[in-house]
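Engineer: Questions regarding the structure given below will be posed in turn.
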Amino acid sequence: MKNLFYLAILLSLSVTSLAQNEEREYDYMFFENSILPGNYFYSSVNYSEENYVKNSKGKLPVCEKEFFTPPNSLELDYSNGAGNWEAVIQFERIRGNDFFKKSDHLSFWMFNENTKSELLPNVTLSRQRKQRRSDVIISDERSETISIKIYITDKVKNGWKFVKIPLTDFGKFEGLPNNIVFSNSNSKGVGRILIDQMELLPEVSSTPVPVPKKIITEGFELHVDIRWNQLENENVKYVKVYRSEDNKIFKPVGIQRPYFNCFTDFTGDFNKTYYYNISFVDYQYNETEYSKVSKVTTRKMNDQELLDMVQEASFRYYWEGAEPHSGLARENIPGRKNMIASGASGFGIMAIIVGVERGFINREQAIERMLKINSFLESCDKYHGAVSHFIDGPSGKTEPFFGDRDNGGDLVETSFLFQGLLAARQFFDKENEDENKIRESITKLWEAVEWNWYDREKEGKFLTWHWSPDKAWLIDHKLIGWNETMITYILAMASPTYPIDVSMYYNGWASQEERAVKYRKAWGKTDDGSFYTNGNYYHGIKLPVGVANGGPLFFVHYSYMGLNPHKLTDRYTNYFDNNKNIALINWRYCFENPKNYKGMSDTFWGLTASDGPWGYNAIEPKIERDNGTLAPTGALASFPYTPKQSMAALKNMYRKHGKYLWGEYGFKDAVNLEENWHARIYMGLNQAPVTVMIENYRTGLIWNLFMKNEEIMKVCEKLSNK
Ligand code: CA
């Protein structure tokens, strides 16, 4: 019986590793650190009769005083008696982290001051299924329950003991657990232990890992970046970072995954000097010698320096974080290593141009990158010239990450990509072999997109989002505004080779026929704006075009990173004015904060689409669409519309919330302080809008470049004359 479980794990892992043998296999981690102090979002406790488990809002407390890996551990403080208690540590499912290292035991580090052995808890594996985007449990399969006391090994470090339980000892349990359940050991009394680094681990022998040498540190206002040479050693589990204020006593401040080459230490003080060194940790938690020490001082920064800092950090997502075969952007980091997201890649190209102008990289570096990007795009899968949403970097083949139906061309992602490429065609304007080649390649790709093919009915009305060779128009999602897809119509109208007629703007995108009205009502769950035009006031601000309350803020970002909304006026409105009003409505909503969510305010605002406690979701400034999740890109990519409110948000998010919000690529994707939840990822769609829209606010650079394309200006002029 016991071997069944092991076999099931082996089978599930070998199938996935065959199909995707190049994908990164992540550690199957239940707990390493909580990003936020307080309680741990991915936990729950319950108890009955005489039992109790210390908790905060039904979740386990995070302990910052003692930890095995910095900066924290989980506290399990309980009373055993008649009845039972349970403390559940949930597996945190991270987008695109879906291949795992083969494992054969559950392990964790335990700190136990004086709990008697018989009072140490029992442990059970469980696999729960929950309703989508909710905490409602549908089913809960469980393994046998075993006592942890017999699994404490001789391995001890700084008072922490290593606990290692073979998975076969849990009896029949097929597949991977998503919960670890601690419970009453049936012996009366009280106990308190700390738990850290709880995970499924492979059996590995100790393999020598290199000793880190030099590190580079750079001080900013309230944080320090610590960098090392990119590691290509899969026996290194973590990079451990130490800080000292006197160059004598070094304290561990954090751990980093080896696929990053930077750690961000938010110290919270300026004009202060620190010393850093690092070590490497292997899969048996052996630690190497330390690197050389690097000294660094933080400094007060003015507004312009803060803007540079935020722009550069987000730019790095597309520069250092790029998929290496294509030079294009990943969907999210950490996530699928090989998977490119097309739309995010177009945004990334615009961020790279900003990078040259701001001196983050030089022009030659950007040329080299663009040549790589173009050569990849010339040969990757295309569908009547359009690219798919996700592409596998090593092979250039479509990656149907959203399921089998989404295995062909995606016209919206294609338009986001070409927004970037057309800006690049104007930026690389020098007469030399490389830059000529860049322009020619972009023109060739641009002229190959059959925009009018995606007018499925050939009625001159709606563009259709997806098409694939074997599924044809199965998804059949019509592009109907108001939303993020205006750029798709603009580019389709501007195409020099396969254009749609300009009349499709009013017959499709802004259509007022029944089909379009129904579509808007179904998505917006309201009649407001169902005729494209709106005309109502929200929080005292008039909204000429758009859904009620303006919708999520990415509606005013994604299409307008290149397309200058100042230059676009149709029958109904000017789109700079309209976008500005949408941003202001969003800001006033967050200031009012009608659901009284923790953290939301006039300096922490900007509801948009992002990762969240219940997965990726579009959050809107409406009671029924607001769950308290805040994404920094919301306020920061709105800089051209709301410079004062966006600057106030930048300062607040960095200075007051930077400890957990700021990282390797700038602000992390999202936070929900009400739930004490924090994203571990950065998203390709959300980082570049920060860099690019701040630049549009500062100099108009990307707007000017994109609008230099004559075919685009002509379309904007035609629309303005209608
Ligand atoms: Ca820890």
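Engineer: Restricting to the range 653-701, give me the number of residues that are assigned to a helix (DSSP H, G or I), of a type in the set (Gly, Ala, Ser) and touching a helix residue (DSSP H, G or I) at 6+ places or on another chain (Cβ under 7 Å).
Structural biologist: 2
Engineer: Here is a list: 137, 152. Which entry is within 20 Å of residue 74 (Cβ to Cβ) and either open to solvent by 30 Å² or more (accessible area, probe 1.4 Å) or charged (D, E, K, R) (or both)?
Structural biologist: When all the criteria are applied, what remains is 152.
Engineer: Suppose the filter is farther than 28 Å from residue 37 by Cβ, open to solvent by less than 20 Å² (accessible area, probe 1.4 Å) and not polar (S, T, N, Q); does residue 89 pass it?
Structural biologist: When the stated conditions are applied, residue 89 does not pass them.
Engineer: Also, I was wondering about something else. Going by the conditions given, is residue 129 more than 16 Å from the ligand (Cβ to nearest atom), among the basic types (Lys, Arg) and in a strand (DSSP E or B)?
Structural biologist: Answer is yes for this residue.
This table checks each residue for (1) open to solvent by 50 Å² or more (accessible area, probe 1.4 Å); (2) of a type in the set (Lys, Arg); (3) outside the structural domain of residue 361 (by TED's automatic domain parsing).
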{"residue": "255", "(1), (2), (3)": "no, no, yes"}
{"residue": "265", "(1), (2), (3)": "no, no, yes"}
{"residue": "268", "(1), (2), (3)": "no, no, yes"}
{"residue": "271", "(1), (2), (3)": "yes, no, yes"}
{"residue": "274", "(1), (2), (3)": "no, no, yes"}
{"residue": "277", "(1), (2), (3)": "no, no, yes"}
{"residue": "288", "(1), (2), (3)": "no, no, yes"}
{"residue": "310", "(1), (2), (3)": "no, no, no"}
{"residue": "315", "(1), (2), (3)": "no, no, no"}
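Engineer: Okay, next question. Residue check, residue 121 against (1) open to solvent by 30 Å² or more (accessible area, probe 1.4 Å); (2) closer than 20 Å to residue 197 by Cβ; (3) touching a strand residue (DSSP E or B) at 6+ places or on another chain (Cβ under 6 Å), all met but one. Which one?
Structural biologist: Answer for residue 121: the failing condition is (1).
Engineer: So how many residues does the range 628-652 have that are within 22 Å of residue 696 (Cβ to Cβ), under 17 Å from the mean Cα position of the chain (by Cα) and not in a loop (DSSP other than H, G, I, E, B)?
Structural biologist: The qualifying residues number 5.
Engineer: If a residue has to be under 27 Å from residue 186 (Cβ atoms) and more than 12 Å from the ligand (Cβ to nearest atom) to count, how many in the range 43-74 make the cut?
Structural biologist: Matching residues across the range 43-74 total 18.
Engineer: Which residues, taken from the range 458-481, are open to solvent by 10 Å² or more (accessible area, probe 1.4 Å), part of a loop (DSSP other than H, G, I, E, B) and not β-branched (Val, Ile, Thr)?
Structural biologist: Within the range 458-481, 458, 459, 460, 461, 465, 469, 470, 471, 473, 474, 476, 477 meet the criteria.
Engineer: So in the range 420-457, with the set limited to residues that are charged (D, E, K, R) and not in a helix (DSSP H, G or I), which one is farthest from residue 345 (Cα to Cα)?
Structural biologist: Here the answer is 457.
The values are calculated or read from the model by the stated rules, or taken from the named source; none is laboratory data. Quantities reported herein were computed from a predicted structural model and do not represent experimental measurements. Using ideal geometry, Cβ is built from the backbone for each residue, glycine included, and neighbour counts are taken over all protein chains shown. Calculation scope for accessible area: heavy atoms of the full protein, side chains included, ligands and nucleic acids excluded. Shrake-Rupley method; radii C 1.70, N 1.55, O 1.52, S 1.80 Å.
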